[in-house]
1. Can you give me the convex hull volume of the Cα atoms of the range 372-452, divided per residue and expressed in Å³?
2. So, R0 is 35 Å and r is the distance between the beta-carbons of residue 245 and residue 207; what FRET efficiency does that work out to, to 0.05?
3. Which of 68, 339 comes first, and how do the rest follow, when ranked by fewest Cβ neighbours within 10 Å?
4. Quote to one decimal, in nm, the extra length available between residue 339 and residue 44 on full extension: 0.36 nm per residue of separation minus the C-alpha distance between them.
5. How high is the relative contact order of the range 297-356, in percent, counting Cα pairs under 8 Å that sit 6 or more residues apart?
6. Gain in length, residue 431 to residue 402, computed as 0.36 nm per residue apart minus the alpha-carbon separation, to one decimal in nm?
7. What do you get for the angle between helix 411-423 and the principal long axis of the chain? Use alpha-carbon atoms, 0 to 90 degrees, nearest ten.
8. What ranking of 279, 403 emerges when the number of other C-beta atoms within 10 Å of each C-beta is taken as an exposure proxy, fewest first?
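Where a number appears in this text, it was derived from the coordinates with a stated rule and is not lab data. Remember, it's a predicted structure, so these values are computed and weren't measured experimentally. Every residue, glycine as well, gets a Cβ built from its backbone with ideal geometry; the counts of neighbours run over all protein chains shown.
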Ligand SMILES: Nc1ncnc2c1ncn2[C@@H]1O[C@H](COP(=O)(O)OP(=O)(O)OP(=O)(O)O)[C@@H](O)[C@H]1O
Ligand SMILES: [Mg+2]
């Protein structure tokens, strides 16, 4: 609890500085701090001057009067701030700030790392493996002054959110004062842009009485422009479920402004779908996207070792599940439970297990009208049915011939469909050399999803009869 005896002037000065910066956009000068500290200690201007190495006339006549005026505006709350009242007013200010923070931290998950306030629930991975290259690369991108935003795109469960969380931890370990605030916001299908903006205004404790969304956004952007913040918008694909075109346009404009108008702050977006497919505004010029793939062999192996699985076959597990950590978690858990941790035995059963995160992503893609068109669905089904353990990929000419025979489409439409599927990591492209003919394949989990069609979403809308290829599993 705050009392006048345990409150020191340096703590108060931090709170005051924050308020002054928010309200008038500048820091307190050294001379102003001397006057405030001196007044807190009940000193007269002569004593303050000799303590701080100033001329007392300068402090009393030039520094103090505008300082009291400014403080009256910022913290006066209707009372004119004067030297004799200052201690009382500052004491109240600290008390309010304490109560506000207390209430806030209970509701919103707030903590302090160095001087940086962190809001929101950052995912915590107990044993984090690999990703050194990605983290090094992202650190460089964040530090570069050329851009203000980046999007991490990848399939469900590939580790986007965990990677950003780890990145933040490392950035703050390198320099805990680099950001004033880190704000992590999960984007839900139901959250409107106004809710997001209000949430940000609340966590950044901005004081704005204006009700109009546009003014709030302008105010928010100004803050992000003038002081360094790191903003994470996690799971942008959630907006697609909303099927609300206007909402997606609004978000798109907001992201565009964020990317365009921030100087000091940085925004990281994570999404299963490429941004241009979600937000209906072409942000690609301003927000560059990077694709997040699964863990590499070493990281995947060490993750499996952590879960008690050993031996050369672990390499095959990492390869089969494309290093997707959420898939590896599920598979490792089942191998331990059903096969006593024997990976080779598990492979004898020739089954592919499916984790929940990738499956819910596939459910969304196949369920949501407009996300996968007929050509894309047919390509995926054809690849699933035509590939096997022996024939892992299909050449482009063969695929093109088949699709054109079955649906009335042009070659360029098929190419576009293939490119979209590739961007979403739904199909894999195999082309080792420039001269090699391009061919396509599916990762085993996606192949199984299509053939098993667990929710009946794949074949229902694809005008093709369901195959029986996967009955053996
Ligand atoms: N580098 C890693 N080392 C160990 N475990 C990891 C790593 N990355 C992710 N995981 C684990 O994998 C799971 C999926 O990670 P995460 O939720 O970050 O994926 P995502 O790409 O954000 O998925 P979604 O698109 O569904 O949000 C989590 O349980 C996480 O703990
Ligand atoms: Mg995520």
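1. Output value, Cα hull per residue: 97 Å³.
2. About 0.55, to the nearest 0.05.
3. 339, 68
4. 98.1 nm
5. Result for the range 297-356 is 34 percent.
6. Length gained, residue 431 through residue 402: 8.4 nm.
7. In the chain, helix 411-423 runs at an angle near 50 degrees to the longest axis.
8. Listing 279, 403 from fewest to most nearby Cβ atoms yields 403, 279.
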